[in-house]
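Here the structure is laid out as structure tokens; the discussion comes afterwards.
The values are calculated or read from the model by the stated rules, or taken from the named source; none is laboratory data. It should be emphasised that the depicted structure is a prediction, and the values quoted were computed from it without experimental measurement. FYI the Cβ positions are ideal-geometry reconstructions off the backbone, even for glycines, and counts take in every protein chain you see.
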Amino acid sequence: MSTTVDEREPCRLYLITPPRLEPRAFADTLKAALDAGDVASLQLRLKTEAEETADADTIRRATEILMPIAQSRDVAFIINDRADLAAEMNADGVHVGQDDLSCKEARKIVGADRIVGVTCHNSRHLAMVAGEEGADYVAFGAFYDTDTKAAKTRAEPEILSWWTETFVVPCVAIGGITVENAAPLVRAGADFLAVSSGVWAHSEGPAAAVRALNRILSEEQRNI
């Protein structure tokens with residue numbers, strides 16, 4: 001099934017938490033960011049210093065504190081890696097990588113009504129497989145250098161254009177996205193921009209970054 005960029009919904013912001021945080025201390029920062037402009041979703045992505053997924057109790061505690069903040073603002077709350085915890089905590093969805101559960105396995109765990117997103121790196125094949133397995137979105141990247149994680153692949157904006165011109169499943173652009181470099185990815189056809197340090201480490205603060213990114217999204221959408 002195909003569509004055109006003109007028929008797609010406007011590109012929106014998809015925030016990813018810092019990999020390490022203290023939930024209660026982070027809560028006010030999150031509130032300020034979400035209140036600064038439109039945000040579609042928030043992914044809880046917690047890692048240890050060794051870059052392994054945080055333990056279940058750490059994820060549960062963060063979810064208990066942060067999920068109500070997101071959901072009260074109509075922001076979907078997505079848990080990274082752990083489909084079991086997404087189901088247990090009644091999160092809005094789960095995001096899985098290629099080394100995690102398959103899309104089909106994640107769907108069995110979280111159910112038909114929750115979001116399942118899949119990392120597809122720079123691979124058209126992986127994206128098509130995810131789409132066929134019922135992913136609610138596919139994520140391409142990394143598009144830029146990132147301090148958040150060691151990127152396994154580098155993607156070019158052209159893959160976003162190809163995807164949006166061919167498939168209806170939304171695509172997420174991820175990897176090193178900031179206020180300064182976001183615009184080309186919107187023009188290329190991204191449905192969502194996944195941003196982490198580009199918001200939380202912004203020199204003027206997270207709220208300023210969300211406002212600036214939303215201005216860019218609006219400006220670029222008018223030019224498409």
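This table checks each residue for (1) more than 14 Å from Val110 (Cβ to Cβ); (2) touching a Lys or Arg at 6+ places or on another chain (Cβ under 9 Å); (3) exposed (fewer than 15 other Cβ atoms within 10 Å of the Cβ); (4) of a type in the set (A, V, I, L, M, F, W, C).
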residue: Glu51; (1), (2), (3), (4): yes, yes, yes, no
residue: Ala54; (1), (2), (3), (4): yes, yes, no, yes
residue: Ile59; (1), (2), (3), (4): yes, yes, no, yes
residue: Ala62; (1), (2), (3), (4): yes, no, no, yes
residue: Leu66; (1), (2), (3), (4): yes, no, no, yes
residue: Ala70; (1), (2), (3), (4): yes, no, no, yes
residue: Ala83; (1), (2), (3), (4): no, yes, no, yes
residue: Ala87; (1), (2), (3), (4): no, yes, no, yes
task: Would you check if there is a residue in segment 152-165 being crowded, with 16+ Cβ neighbours inside 10 Å and either closer than 14 Å to Ile16 by Cβ or free of Cβ contacts under 8 Å to residues at least 24 places away in the same chain (or both)?
output: no
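Looking only at segment 193-207, which residues are of a type outside the set (Asp, Glu) and surrounded by fewer than 23 Cβ atoms within 10 Å (Cβ to Cβ)? First the steps, then the outcome.
Step one: list which residues in segment 193-207 are of a type outside the set (Asp, Glu), which gives 193-203, 205-207.
If the condition is that a residue be of a type outside the set (Asp, Glu) and surrounded by fewer than 23 Cβ atoms within 10 Å (Cβ to Cβ), then Ser197, Trp200, Ala201, His202, Ser203, Gly205, Pro206, Ala207 are the ones that fit.
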statement: Among residues of segment 173-186 being in contact with a Ser or Thr (Cβ under 9 Å, 6 or more places away or on another chain) and not β-branched (Val, Ile, Thr), the residue surrounded by the most Cβ atoms within 10 Å (Cβ to Cβ) is Gly175
- prompt: Among (1) more than 17 Å from Ala40 (Cα to Cα); (2) surrounded by 16 or more Cβ atoms within 10 Å (Cβ to Cβ); (3) touching a residue at least 40 places away in the same chain (Cβ under 8 Å); (4) among the β-branched types (Val, Ile, Thr), which single condition is Val210 missing?
  reply: (1)
query: On the given criteria, is Thr119 closer than 21 Å to Ala194 by Cβ, among the hydroxyl-bearing types (Ser, Thr, Tyr) and modelled with pLDDT of 95 or more?
result: yes
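Just need a number here: residues in segment 9-20 that are in a loop (DSSP other than H, G, I, E, B) and either buried (at least 18 other Cβ atoms within 10 Å of the Cβ) or touching a Ser or Thr at 6+ places or on another chain (Cβ under 7 Å) (or both). Write out each step before concluding.
Here is the first cut: in segment 9-20, the residues in a loop (DSSP other than H, G, I, E, B) are 9-11, 17-20.
Then keep just the ones that are either buried (at least 18 other Cβ atoms within 10 Å of the Cβ) or touching a Ser or Thr at 6+ places or on another chain (Cβ under 7 Å) (or both); that gives 11, 17-19.
So the count comes out to 4.
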